[in-house]
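The values are calculated or read from the model by the stated rules, or taken from the named source; none is laboratory data. Keep in mind that what you see is a predicted model, and the values were worked out from it rather than measured. Neighbour counts are summed over all protein chains in view; Cβ atoms, including those assigned to glycine, are modelled from backbone coordinates with ideal geometry. Note: accessible area is taken over every heavy atom of the protein model, side chains too, but ligands, DNA and RNA are not part of it. Shrake-Rupley method; radii C 1.70, N 1.55, O 1.52, S 1.80 Å.
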Amino acid sequence: MSLVIAIDGPSGSGKSSVSKAVARALGVGYLDTGAMYRALTWWCLEEGIDLTDRDAVAQAALVLPLEMGTDPADPRVSVAGKPVDAEIRTTELSSVVSTVATNLDVREEMRRLQRALMAEISERTGGVVTEGRDITTVVAPDADVRILLTASEEARLRRRSAELHGEASASSIDATRDQIVRRDQEDSTVSVFTEAADGVVLVDTSDLDFEQSVAAVLAVVSAAQERE
Ligand code: DC
């Protein structure tokens, strides 16, 4: 029996760190689907592909030489054998990744890849925690556990600002706004991740710290397992 857990949510909801901790606690693999869109974006820029050229970017998605690390303690991402973990997290890349992630042909290929990776990880480790924006609704609507991890806009801005600038002052919160609010607005045009779909459990982390957020998700997993 394998345990497939799908976690969606907006930027700054704590999705990545919580998903990794949950995968570690359960001893299963981890898949960061946002990192896949980021890696494709990085590769297109590297290859000189115009991100607004939808056909060219979709074509690149079909041949992307991507390797996704699935160990939640150290999930490395490589493209054509080159580690790109730092490159895919820069502010510059974050500001253009939505252009690639809103390309519907790209999404079709990415979803196919994500389903294949989830099956492989699950088989190998006994389960998988997959995080993104459309995992609970489109990629894995039949997952054993489906969670929408949210937090108020204020809490998300505060967290991401502290992460990016090491502080949460008014000026760094303003600088972070583009990374969170504008990007989520763009991404919302192709996925629904602000409201929980039928059967998806909402976990609001606005007033929870990291440990409490992990415990809240693990409680949802236990409750789902008890129901089986
Ligand atoms: O979670 P993140 O910031 O690393 O995601 C990077 C981009 O990919 C962001 O624009 C949202 C998008 N994304 C998506 O559209 N669908 C997913 N399943 C995961 C991420």
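Assorted remarks:
- Taken one residue at a time, the phi angles of segment 193-207 give Karplus couplings (6.51, -1.76, 1.60, θ = phi - 60°) of 9, 10, 10, 6, 6, 3, x, 9, 8, 8, 10, 9, 9, 3, 10 Hz. Gly and Pro are set to x.
- Take segment 120-200 with all the other protein chains still there, run a 1.4 Å probe, and you get 47 Å² of accessible area per residue.
- Charge dipole (the chain, unit charges on Cβ, about Cα centre) - positive-most of ALA224, LEU148, GLY14: ALA224
- FRET efficiency estimate (nearest 0.05) - Cβ-Cβ, ALA86 to ASP207, R0 25 angstrom: 0.20
- For segment 135-217, a simple Cβ point-charge model (Lys and Arg +1, Asp and Glu -1, everything else neutral) yields a dipole of about 200 debye relative to the Cα centre.
- The largest-to-smallest principal axis extents of the Cα set in the chain are 51, 45, 31 Å.
- Cα shape, segment 132-228, gyration tensor, a/c 1.5 rule: oblate
- Across LEU62, LEU113, LEU26, mean-square fluctuation computed from a Gaussian network of the chain (C-alpha pairs under 10 Å connected) peaks at LEU62.
- Comparing ALA170, ALA23, ALA35 in a Gaussian network model of the chain where C-alpha atoms under 10 Å apart are linked, the largest mean-square fluctuation is found at ALA170.
- For the chain, the mean residue ellipticity at 222 nm estimated from helices alone is -15500 deg cm²/dmol, where every DSSP H run of n ≥ 4 contributes -39500 (n - 2.57) and the total is divided by all residues, rounded to the nearest 500.
- Extended-chain gain in nm, criterion 0.36 nm per residue less alpha-carbon gap, ASP105 and ARG24: 25.9 nm
- Heavy-atom surface analysis with a 1.4 Å probe gives the chain a carbon and sulfur content of 50 percent of its accessible area.
- Amide H contacts under 5 Å for VAL201, placed H, 5+ residues apart: ARG146, ILE147, LEU148
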